[in-house]
Amino acid sequence: MLNIGKKSLVAFALLLATTILSQAGRVEARKLAQIPTGSVPTVTSSPSGAIITVTREQDQINVRGGPGTHYPIVGVLIAGAQVPALGRSEGGQWIQVVYPGGPEGVAWVYSPLVELVGSLPIIAPPPTPTPLTTPTIDPTLAAQFIVEVPATRLPTFTPPPPLTIPTFPADQPVSGTGRVPMGFVIIGMGVIGLFGTLISLLRGR
């Protein structure tokens, strides 16, 4: 009886262990099924090479296809991200880093926004991107907006004629030429007239 009880207990323990292992296998299978099968690009760093770290002053910075704002933006790096650095521009304002989303797996970041650890060689920049379309101006359309202002003559100033100031001859002094002054003649005529009047009055009486 004791041997039968031990065998039953061992069989029950084996059954329980099998059930637990089976459940654990199912949970692990579910976890593996949730992992994406596609390859996810990751940025790995080499301890022996130069590394840049995005400063905490910016939430994120732009990553461009070349050293300059005239190059297109190919992605971003968040604050605190560490990326292997490959080289720098001539003036040191831009740093080339490993970036899987950029052309040929590299991109450029603005150096004042990152912290560099290590030394970098100078790398020639990639060709400057050319615009897809060149803006042109239709000369016929532009001519419609050209306003020609006719030239106007400024008013001319005509000087006034010279002012003529009349001049009067100076009084000629009476010279002793034997002529009777006009005043004496008038007084003489007045006396004669008065004398004639008196005579007329006397005769009338």
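None of the figures in this text is laboratory data; all of them are computed from the coordinates on show. Predicted model, so just to flag it, every value in this text is computed and none were measured. For neighbour counting, all protein chains shown are included, and Cβ atoms are generated from backbone atoms with ideal geometry for every residue, glycine included.
Data overview
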| item | result |
| --- | --- |
| Residues within the stretch 98-132 that are touching a helix residue (DSSP H, G or I) at 6+ places or on another chain (Cβ under 7 Å) and under 13 Å from Pro67 (Cα atoms), tallied | 0 |
| Whichever residue in the stretch 100-121 is touching a strand residue (DSSP E or B) at 6+ places or on another chain (Cβ under 6 Å) and under 13 Å from Ala50 (Cβ atoms) and, among such residues, is surrounded by the most Cβ atoms within 10 Å (Cβ to Cβ) | Val109 |
| Test result for Ile95, β-branched (Val, Ile, Thr) and surrounded by 15 or more Cβ atoms within 10 Å (Cβ to Cβ) | yes |
